[in-house]
């Protein structure tokens, strides 16, 4: 029992032809077997690794005892988006990293069990009639949704303001179907909104309305969870050539706008040979999406080595199995082409001393330039927080990267305004954003209750 | 859903809609634009806002039929609904302190320029408007312009106003006076020509860019323009920029990015 029960995945040759989910999830038998591996530790170190503090031993015990409905409910009590988190959380760095079993073998597959429980049973949603003040939530991504759900459960009248025409933020526009099916997002977000949360689409806070106006409209507190969705570029020559796009743009065209489907109007650039720049999950998503829309060759260009890649191991492995070619220790210096991209010129790198992130710093090797010929370049080197809201509100303090500054209680420099998730931390994970949203909701509750006490 | 409360065909290629969008109407300032999506299968695309009436809660959009999406939009009638309508987006124009302004507009760009002319006029500024069209039948909003500016009509074929290009008329005006600002709104080639002329005359000029974009909020980065050697996002940093900083050749290439993917007959205006 040192090894976990493997999860079935579709074969690389088959899955690369479409956008359907790669990992198929546990069957009931597999889940029961895996649940048996949990030692049910009294001190439950796994829970301390979960940003939303799911009672992990309890739900696994419930699975083991065949009480699936209760298992789903145990998870849902702490996490409103369990099917999403079961799929995209980096459990290996969180709950599973602290699992006692991991010391002498493989950790219990907590994430897979979470996914199993939530896929197989959805706990009942009861609409809550609000009896408290109005609170505004900016952004319907993981941070905003989790904050909104928590506030609604506490009895607040919650309104979410979303810039796009669909809810979910990065879950909807960013993460592809083959990793997180839209039906899972729609179902979990739909159930969450059914708590009685009102969502206003096409509303860009900072442009359509300012935060000040929200207070004028009677909102008593505001949570900003507008994420980090402002794409970075490398500032190298040729970056504005036709065929160079941000991973955000590429993934949004596919995930949100369905540009790869013939019945949708949004165009998608035809790509035969693609270079994706970056080593994170978004780079893997972009590279694997490029294969699925028919690219013959996809090169992933990353300036450090495999060990230093920030992407989840599982995603790196999936990308490799599907035929993405890893061009490691390579740093783009120039994009070539007249009007359209014809190639990307890179410099070889070697690893030097560790930098402030603890990863070994890449150093350029002199006279080592080489060219990868390609007709598209996708930049997946990270995002900044979106500047629109902050620029409409000079009194809101941000740091030099444009992240909103908050104290330990997630309060911004403006009274009654809280922030959390990527807009505070810079690009991070779904679950950290959810944890921040949840925490902010409790702080907002404490703030509004303390005002009554005055 | 956003209801079309009024429809007017300005000519065969250009349509005006007054759309029920109270929050956009309330927040709109001249220089800003909207992003809309006609139906579930539709793309998101930016459109000019020609006017806003906060009291009625409506926004006026003017669009030229140039492809599938604008053709779909044009198929809608009074009383029909537009699925998504987000805005106002982009930074408002900075019109503070301007006393004498020349507005150079071309084709459907005259709709985007109109709220600027009106706002300047309402603030007591003197506005000269040079409006260029390919031919007489394509002229739009000339009466509206006459109410708020001194209008110089120019057509390619001389069928109305002067025969020639907007830059011909602008050059003559610049011979006579210097403006606080020249604002050019229209096709890229026209704005480029204006910038070339005004740069030679050392006449401060801004242009309004209208590149390809998806979200209009800084998320896709598709609207990148090179501005004084730096990359800017037109939706967040613009759409208005100092004309002398814009790399127009690049902007023209980028505007053709999806030409191969979307083969549509253009409705030529200018």
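The values are calculated or read from the model by the stated rules, or taken from the named source; none is laboratory data. Bear in mind the structure is a predicted one, so any value in this text is a computation, not a measurement. Every residue, glycine as well, gets a Cβ built from its backbone with ideal geometry; the counts of neighbours run over all protein chains shown.
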Quiz item: Name the pairs: first residue in the range B:140-162 and in contact (Cβ under 8 Å) with a residue 60 or more places away in the chain, second residue in a loop (DSSP other than H, G, I, E, B) and buried (at least 22 other Cβ atoms within 10 Å of the Cβ), Cβ to Cβ under 7 Å, at least 6 apart or on different chains?
Solution: none
Self-check item: Residues (surrounded by fewer than 24 Cβ atoms within 10 Å (Cβ to Cβ) and out of contact with any strand residue (DSSP E or B) (no Cβ under 6 Å at 6 or more places or on another chain)) located in the range A:270-280
Solution: A:270, A:272, A:280
Practice problem: Could you tell me which of the residues A:207, A:179 is more than 7 Å from every other protein chain (Cβ to nearest Cβ), more than 16 Å from residue A:167 (Cα to Cα), assigned to a loop (DSSP other than H, G, I, E, B) and touching a helix residue (DSSP H, G or I) at 6+ places or on another chain (Cβ under 8 Å)? | Solution: A:179
Quiz item: Just one of A:320, A:307, A:315 is under 28 Å from residue A:111 (Cα atoms), part of a helix (DSSP H, G or I) and in contact with a helix residue (DSSP H, G or I) (Cβ under 8 Å, 6 or more places away or on another chain); which is it?
Solution: A:315
Exercise. Kindly list the number of the only condition in (1) surrounded by 20 or more Cβ atoms within 10 Å (Cβ to Cβ); (2) on the phi < 0 side of the Ramachandran plot that fails for residue B:172.
Key: (1)
Practice problem: Give the number of residues within the range A:281-318 that are within 17 Å of residue A:13 (Cα to Cα) and touching a strand residue (DSSP E or B) at 6+ places or on another chain (Cβ under 7 Å). | Solution: 7
Practice problem: Go through (1) under 23 Å from the mean Cα position of the chain (by Cα); (2) surrounded by fewer than 22 Cβ atoms within 10 Å (Cβ to Cβ); (3) closer than 29 Å to residue A:284 by Cβ and name the single condition residue A:101 misses. | Solution: (1)
Practice problem: Any residue in the range B:62-76 that's away from chain A (no Cβ under 11 Å): show its pairings with residues that are surrounded by fewer than 18 Cβ atoms within 10 Å (Cβ to Cβ) and part of a helix (DSSP H, G or I) at Cβ separation under 6 Å, as long as the two are six or more apart or on different chains. | Solution: B:65/B:71
Quiz prompt | Residue among A:222, A:276, A:185 that alone is more than 14 Å from chain B (Cβ to nearest Cβ), part of a strand (DSSP E or B) and farther than 30 Å from residue A:447 by Cβ | solution = A:276
Self-check item: The listed residue being surrounded by fewer than 22 Cβ atoms within 10 Å (Cβ to Cβ), closer than 26 Å to residue A:126 by Cα and out of contact with any strand residue (DSSP E or B) (no Cβ under 8 Å at 6 or more places or on another chain), out of A:14, A:36, A:62, A:29
Solution: A:62
Quiz prompt | Checking residue B:178 against (1) surrounded by fewer than 24 Cβ atoms within 10 Å (Cβ to Cβ); (2) more than 21 Å from residue B:245 (Cβ to Cβ), the condition it does not meet | solution = (2)
Self-check item: Elements of type strands (runs of 3 or more DSSP E) in the range A:342-454, at least 3 residues being surrounded by 18 or more Cβ atoms within 10 Å (Cβ to Cβ), modelled with pLDDT of 95 or more and more than 18 Å from the chain's Cα centre (by Cα)
Solution: A:376-379
Exercise. Check the range B:243-254 and report whether any residue there is more than 10 Å from chain A (Cβ to nearest Cβ), modelled with pLDDT under 95, surrounded by fewer than 20 Cβ atoms within 10 Å (Cβ to Cβ) and farther than 30 Å from residue A:226 by Cα.
Key: no
Quiz prompt | Residue under evaluation residue B:218, criteria (1) in contact (Cβ under 8 Å) with a residue 24 or more places away in the chain; (2) crowded, with 22+ Cβ neighbours inside 10 Å; (3) more than 14 Å from the chain's Cα centre (by Cα); (4) not in a strand (DSSP E or B), criterion not met | solution = (1)
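Yes/no per residue for (1) surrounded by fewer than 23 Cβ atoms within 10 Å (Cβ to Cβ); (2) out of contact with any strand residue (DSSP E or B) (no Cβ under 8 Å at 6 or more places or on another chain); (3) closer than 24 Å to residue B:182 by Cβ:
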position	(1), (2), (3)
B:4	yes, no, no
B:10	yes, no, no
B:31	no, no, yes
B:34	no, no, no
B:75	yes, yes, no
B:81	yes, no, no
B:90	no, no, yes
B:112	no, no, yes
Quiz item: In this structure, does residue A:171 turn out to be under 26 Å from residue B:39 (Cβ atoms) and in a helix (DSSP H, G or I)?
Solution: yes
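Anything in the range A:325-341 that is outside any strand (DSSP E or B) and within 30 Å of the chain's Cα centre (by Cα)? List them, or say none.
A:328, A:329
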Quiz item: Just a yes or no: is a residue in the range A:251-268 in contact with a strand residue (DSSP E or B) (Cβ under 7 Å, 6 or more places away or on another chain), within 10 Å of chain B (Cβ to nearest Cβ) and buried (at least 18 other Cβ atoms within 10 Å of the Cβ)?
Solution: no
Quiz item: Which residue out of B:41, B:25, B:52, B:86 is within 14 Å of chain A (Cβ to nearest Cβ), without any contact (Cβ under 8 Å) to a residue 60 or more places away in the chain and under 19 Å from the mean Cα position of the chain (by Cα)?
Solution: B:25
